[in-house]
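Report on the following structure.
Just so it is clear, none of the values below were taken in a lab; they were calculated from the coordinates. Keep in mind that this is a model prediction, so the values were computed, not measured. All Cβ positions, even for glycine, are placed from backbone atoms using ideal geometry, and neighbour counts span all protein chains on display.
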Amino acid sequence: MGPRQEARARRPALADFGPHAQRDLAARLAIDPSDVVKVVDELAAAGYAERARDEADRRRVLVSLTPAGRSALAGLDATARAVQEEVLEPLDAREREILHDLLSRVGRRLG
């Protein structure tokens, strides 16, 4: 996964977790801290994330989503839901539940 895809994949974490120190974000996402820097650089360059010094500990840098980042994420969520509905349209509710359970089991196995 290149930096651009990595940035797209990681942006929801900032929405879920709120402002986070880069080091803590790397640990929470189980990625190398140097990769977090690259991802945050790309998100910041696009106007989707910003860095700020932690007022409680000026050595720490906090990363958070900007309003533009939240808006872009909302748009991506809407698109993902629409695609999911289209792909799963042939399945009834019970079949969707079974598919979800099976994919969850596979996901847990993969780590």
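Distances between every pair of Cα atoms in the chain, grouped in 5 Å steps from 0 to the bin holding the largest one, split as 2, 11, 17, 19, 16, 13, 11, 7, 3, 1, 0 percent. Taking amide H atoms as placed 1.01 Å from N in the peptide plane, the amide H of residue 66 lies under 5 Å from those of 49, 50, each 5 or more residues away in sequence or on another chain. Enter the angle in degrees (range 0 to 90, nearest 10) between the Cα long axis of helix 3-17 and the first principal axis of the Cα atoms of the chain, meaning the one along which they spread out most. On a 0 to 90 degree scale, this one is about 90.
Restrict the search to region 22-84; then list the trypsin sites (Lys or Arg not before Pro) that DSSP places in a loop and that have at most 10 other Cβ atoms within 10 Å of their Cβ. Listed in order of number, the matching sites are 58, 59.
Among 78, 93, 49, the largest mean-square fluctuation in a Gaussian network model of the chain (Cα springs under 10 Å) belongs to 93.
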